[in-house]
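Colleague: First, the structure itself, so that you have it in front of you.
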Amino acid sequence: MTSSLTSALQIEQATPLSEMTVAQIALLPAAQLQEAHINLLNVQSIVKSVLERMHSALDQRYAESAKAARLASGRDFGICHINDGELRVTVDLPKKVTWDQKQLSATAARIEAAGDKVADYIDTDYSIPESRFNNWPPALMEQFAQARTVKPGKPTYRLALVDSEGGL
């Protein structure tokens, strides 16, 4: 285990951070809390970088075999299995579909003009960008206020120790 990872997971020799409860972590002295947070963010960054390289290496090693296996089964997407000696590799290539919004809108207009219900064919999700909503005049905002729900997102934290003069 690297020293950064070790210090991130174990602030005090007696109690590893990985075994502490949320309440115990919340009670850590400020300097230890900040050190643990910075170390964990560093470890997360390292792991993310190494994992990205690992996935690139797996793609380099198995992508062509996976493509051939899917094509042999008559599919462009989905799960296939490759044997590499003693290793069985399962490769999942999901299908990601996007729709051209302008074309869908035009098609929806044609469906409606033909007298059919658009909802029978197309799911519609209305949204208003928050920056646009905030620039509307109050009368227009009022018309949409009943349809608007604001929920908090997940908070993020950055910790920095402040010196005795209040500087960072």
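Colleague: Taking the Cβ-Cβ separation of residue 119 and residue 71 as r and a Förster radius of 41 Å, what is the calculated FRET efficiency to the nearest 0.05? Write out the running numbers ahead of the final one.
Modeller: On the way: r = 37 Å, r/R0 = 0.91.
About 0.65, to the nearest 0.05.
Colleague: Next question, about the same structure. Give the value in nm², to one decimal: projected area of the alpha carbon convex hull of region 50-89, averaged over all directions.
Modeller: Working: hull surface 12.5 nm².
With every direction weighted equally, the projected area is 3.1 nm².
Colleague: Over all directions, average the projected area of the Cα convex hull of region 3-93 and note it in nm².
Modeller: Details: hull surface 35.1 nm².
One quarter of the hull surface, i.e. the mean projection, equals 8.8 nm².
Colleague: Return 96, 48 ranked ascending by Cβ neighbour count within 10 Å, so the fewest neighbours appear first. Can you show the working numbers first?
Modeller: Details: 96 6, 48 10.
With the sparsest Cβ surroundings first, the list reads 96, 48.
Colleague: How big, on average over all directions, is the shadow cast by the Cα convex hull of region 101-145, in nm²? Walk me through the intermediate numbers first.
Modeller: On the way: hull surface 17.4 nm².
That works out to 4.3 nm².
Colleague: As an exercise, find the ratio Rg/Rh for the chain from alpha-carbon atoms, using the Kirkwood inverse-distance average for Rh.
Modeller: Working: Rg = 26.5 Å, Rh = 23.2 Å.
Rg/Rh: 1.15.
Read the figures in this text as sums done on the coordinates, not as results from a lab. What you see is a predicted model; the values in this text were computed from it and never measured. Glycine gets a Cβ as well: all are built from the backbone with ideal geometry, and neighbour counts include every protein chain shown.
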